[in-house]
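The values are calculated or read from the model by the stated rules, or taken from the named source; none is laboratory data. What you see is a predicted model; the values in this text were computed from it and never measured. Backbone-built Cβ (ideal geometry, glycine too); neighbour counts: all protein chains shown.
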Amino acid sequence: MDERIHEERRKIDEVNAEILRLISKRGEITAQIGLLQTALGLPHYDPERENQMLIALVEANRGPLSDEAIKQLFKEIFRASLDMEECQDQHKMLYSRKVKPEDTRVYAGPAVFGKAPLLIAGPCSIESEEQMMEVAGFLSGHGVQVLRGGAYKPRTSPYAFQGLGKAALLLGRLAADRYHMAFVTEVMDTRDVGLVAEYADILQVGARSMQNFALLREVGQAGRPVLLKRGMSATVEEWFYAAEYVLAAGNAQVILAERGIRTYEKWTRNTLDLSAVALAKQETHLPVVVDVTHAAGRIDLLAPLARAALAAGADAVHVEVHPNPRVALSDNQQQMDFVQFEAFMARLTDLFPMNEVPAVQKD
Ligand code: PEP
Ligand code: MN
């Protein structure tokens, strides 16, 4: 090649190195500004300031690049700085593995989330003492350590069964104590948090409440572990930020739960998002539960989805089990009966070392 071109290219290399040095210097300054903005609670993006900078740059432009080209180039630089500031913020989040590299374990009664795979099981709604005793006795006999059951039910229709409230909390506690299980139940209202925390070992924040920020703050101060379900239309980032509310309120015992998201698919109730599970395990240090029942909404898919969930790194699987699902007061299409639960477990015996978990029966 012509030596003159070589010579010009050497100059370009020098200019590139100089631009890189200046862009990096600019990045360091914007990172500093970003930290100050975060500390002061100010947004990182300031359109007014960006506009002023562009006007000044265009005024100073003497060519050969057009004003439009200069604007485009600097807009890219501004965007890269903004991305960097937001990324910097995420690394400071309490949920982040960058902040806490080791896995968090969550302790609830006899159950430890984040150690060996666990099962959470029980009826959708708590309906009667017989129902709860029967189901808790059966499940604990199969090594299940966490009993679920709804006392306050988030129903699409205000005329559908809303749960038995405090009476159900008493029954859930009674059954869990009798069979030495942990008891998890949903709380929907900030006014009920204290009461639910008296009876439950784990407070569930349901999919429909994931962005009820007042509730997140309240359960963050209740002194009980929190099972935080992902909203049915929530992004993974929104789910993590919801966890951040609880963590920032002083509660480190947070369990994330993926329960399927809304998509155009009709053959399942929701679409189980396993990439969210893998992401949650990678980006956060919190235990992750996969609720296969509400994700699939059909019994025939529960075992393969549970296997997939554990393969993706989940710490626990959540299923609904009812002594007689046909007469259940909620979700009667998707709860397993005892025979179906045994068939489900038979397909997972290699993954759940249940035999190592003695079922303790208290009378
Ligand atoms: C539930 O677990 O009882 C429930 C209502 O689930 P979700 O909030 O995931 O719909
Ligand atoms: Mn249900």
Open item on the list: I need every pair where a residue in segment 231-255 that is at positive phi has its Cβ under 9 Å from the Cβ of a residue that is part of a loop (DSSP other than H, G, I, E, B), sequence separation at least 6 or different chains.
Closed with: GLY250/GLY220; GLY250/GLN221
TODO: Starting from residues that are in a helix (DSSP H, G or I) and either within 16 Å of ligand 2 (Cβ to nearest atom) or small (Gly, Ala, Ser) (or both), keep the ones in segment 296-307 and report whichever is nearest to PRO325 (Cα to Cα).
DONE: ILE299
TODO: Quickly run through segment 188-202 and pick out the residues that are free of Cβ contacts under 8 Å to residues at least 40 places away in the same chain and within 15 Å of LYS153 (Cβ to Cβ).
DONE: MET188, ASP189, ALA200
- [ ] Tally the residues that are within 15 Å of ligand 2 (Cβ to nearest atom) and touching a helix residue (DSSP H, G or I) at 6+ places or on another chain (Cβ under 6 Å), restricting the search to segment 281-295.
- [x] 2
Task: Residue list for segment 329-347, restricted to those being buried (at least 18 other Cβ atoms within 10 Å of the Cβ) and at pLDDT below 95 - done: LEU329, SER330, ASP331, GLN334
Task: Sole residue being of a type in the set (A, V, I, L, M) and outside any loop (DSSP other than H, G, I, E, B), chosen from ALA121, ALA116 - done: ALA121
Task: Pair list, Cβ under 7 Å, 6 or more apart: segment 100-126 residue in contact (Cβ under 8 Å) with a residue 12 or more places away in the chain, other residue assigned to a strand (DSSP E or B) and surrounded by fewer than 18 Cβ atoms within 10 Å (Cβ to Cβ) - done: ARG105/VAL112
Open item on the list: Checking the structure you have, find out if any residue of segment 129-138 is within 22 Å of ALA242 (Cβ to Cβ), in the same structural domain as HIS180 (by TED's automatic domain parsing) and surrounded by fewer than 17 Cβ atoms within 10 Å (Cβ to Cβ).
Closed with: no
Task: segment 127-162, residues that are within 16 Å of ligand 2 (Cβ to nearest atom), more than 22 Å from ARG298 (Cβ to Cβ), in contact (Cβ under 8 Å) with a residue 40 or more places away in the chain and within 26 Å of the chain's Cα centre (by Cα) - done: VAL146, ALA151, TYR152
- [ ] Please go through segment 278-322 and pick out each residue that is buried (at least 24 other Cβ atoms within 10 Å of the Cβ) and among the charged types (D, E, K, R).
- [x] ASP291, ASP315, GLU320
- [ ] Return the total of residues in segment 50-66 being in a helix (DSSP H, G or I) and either in contact (Cβ under 8 Å) with a residue 24 or more places away in the chain or surrounded by 10 or more Cβ atoms within 10 Å (Cβ to Cβ) (or both).
- [x] 9
TODO: Restricting attention to segment 328-351, report how many residues are of a type in the set (A, V, I, L, M, F, W, C), away from ligand 1 (no atom under 16 Å from the Cβ) and not in a helix (DSSP H, G or I).
DONE: 2
TODO: Output the residue which, of all residues in segment 319-336 that are out of contact with any Cys (no Cβ under 8 Å at 6 or more places or on another chain) and within 13 Å of ALA136 (Cα to Cα), is nearest to ligand 2 (Cβ to nearest atom).
DONE: VAL321
Task: When residues of segment 194-221 are limited to those that are aliphatic (A, V, I, L, M) and surrounded by fewer than 21 Cβ atoms within 10 Å (Cβ to Cβ), the one nearest to PRO287 (Cα to Cα) - done: ALA197
- [ ] Quick one: GLN90 ticks every box in (1) within 28 Å of the chain's Cα centre (by Cα); (2) at pLDDT 95 or above except a single one, so which number is it?
- [x] (2)
Task: Residue in segment 282-303 that is farthest from ligand 1 (Cβ to nearest atom), counting only those that are more than 17 Å from the chain's Cα centre (by Cα) and over 14 Å from PHE352 (Cα atoms) - done: ASP300
Task: Unmet requirement for PRO325, which otherwise passes all of (1) of a type outside the set (Ser, Thr, Tyr); (2) crowded, with 18+ Cβ neighbours inside 10 Å; (3) within 16 Å of ligand 1 (Cβ to nearest atom); (4) touching a residue at least 24 places away in the same chain (Cβ under 8 Å) - done: (4)
